[in-house]
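Accompanying notes for the structure given below.
The values are calculated or read from the model by the stated rules, or taken from the named source; none is laboratory data. Model, not experiment: these values are computed from the prediction. Cβ coordinates were reconstructed from backbone atoms using ideal geometry, including for glycine residues, and neighbour counts include every protein chain displayed. Please note that ligands, DNA and RNA were not included when accessible areas were found on the heavy atoms of the full protein model with its side chains. Shrake-Rupley method; radii C 1.70, N 1.55, O 1.52, S 1.80 Å.
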Amino acid sequence: MADPVTVVIDPLEAHLLRADTLRVALVVPVSGVLGLLGPGAINCAVLAAHEVNAAGGVLGTPVELVLVDGGRGPAAVAGEVRELVRSGAVQAVVGTHASDVRVAIEHALGGAAPFVYTPPYEGGARRPGVYYLGEPASLQVGPGIDWLVEHRRARRWFLLGNDYVWPRLVHASARSRLRARSATVVGERLVPPGTTAMDLLLEQLAAVRPDAVLLTLIGSDLIAFNRAFAASGLGCARLCGALEEHGLLAAGGDSTGGLYAAMGYFGGIATDANLGLGERYTAMFGPDAPLLNGHGHGCYEGVLMLASLARRAGTLAVPAVEAVADGTTVVSGRGPLTLVAGRVCQRVYVARADGLDFEVVTSV
């Protein structure tokens, strides 16, 4: 039996960890608009670290996790991660958080330590030592757009998101996909994180009467919008790029048949690997633990991938990891994941909200 996994809550205390450990900065939001994701993501990372340690650890040493609150501003998060790496308090980074935080961390690290980033992201160039496990925008929202155009005759679209890098580039990808399907964008709005003016946004939608809305709002903003939408009486479809099980639960569920999400993982996907993961998760954290969801599950994959990269390279030095990264494979709830050019290519699921659950309608 492996020793329990240590999670250091205060990064300033990271130096108190045992010297013979692989210390990983776990960057997840426990505050801000994405704070709802934190508990489940921490649980999933702890489960992965426990499994890694039960199999002998990494390079003969156990994995320890050092929590960094990724819900703060990009500069604050990146500065803390840089100091942890510079001081030797951590040797690697795994994160699920907003893309503006990711960009800041990449700049701050400058290739000084491996960084596994797990949620959907906007795509683009990759820096050495950075590994993406989520779906790029070009692959994530396309299947949902195609399905709604075909099955809901959604020709008129409104694009609504938070004002930062991920929504901007998801919208750019969506505009291209919609043009290819002879659909049109009838309106677009980007709002600051933490916005409260949901009534004004709903008035804009009512004025242009779209068939569907692409929502790239995140966290509490997405929850607030969906709650307000449900009370508004508007009937257009909604396709979300960041809606997972906790967001659906917090919004009060949805029984309209018109709320959709596109993700690389949902807790209810029926694979043998996912059923086994669910059993292990419940055994460790109990039946009342935060639900398995795409963002939390990404942290499970991230810790496993980091451990596998270190084993293949025999070190965490970025040049050595880069040399062996391609072909590195782990098995998670969605099946085998293999790095190719620092990224993975995986199935995307489009699911419809059915009360408090998701029903997968297609996958690509």
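Key figures
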{"read-out": "Largest-first principal axis extents, alpha carbons of segment 278-342, Å", "value": "42, 19, 16"}
{"read-out": "Contour excess over end-to-end distance, with Cα ends at ARG189 and ARG311 and 0.36 nm allotted per residue", "value": "39.4 nm"}
{"read-out": "Backbone HN-Hα couplings from phi across segment 253-270 [Karplus 6.51/-1.76/1.60, Hz, Gly and Pro as x]", "value": "x, 7, 10, 7, x, x, 9, 10, 9, 10, 8, x, 7, 10, x, x, 5, 9"}
{"read-out": "Label-point separation, ALA273 to ALA323 (7 Å along Cα→Cβ), nm", "value": "2.8"}
{"read-out": "Protein accessible area in the chain, 1.4 Å probe - carbon and sulfur %", "value": "54"}
{"read-out": "Heavy-atom surface of the chain, accessible at 1.4 Å and reported per residue (Å²)", "value": "39"}
{"read-out": "Label point distance in nm, ALA112-MET284, each placed 7 Å from Cα along Cα→Cβ", "value": "2.9"}
{"read-out": "For PRO193, net neighbour charge (Lys/Arg +1, Asp/Glu -1) across residues whose Cβ lies under 9 Å away", "value": "-2"}
{"read-out": "Sum of -39500 (n - 2.57) over DSSP H runs of 4+, divided by residues of the chain (222 nm, nearest 500)", "value": "-12000 deg cm²/dmol"}
{"read-out": "FRET E, pair ARG86, VAL340, Förster distance 35 Å, beta-carbon r, rounded to 0.05", "value": "0.70"}
{"read-out": "Under Karplus coefficients 6.51, -1.76 and 1.60, residue-wise ³J(HN,Hα) of segment 318-334 in Hz, glycine/proline x", "value": "4, x, 6, 5, 4, 5, 10, 4, 4, x, 5, 10, 10, 10, 10, x, 9"}
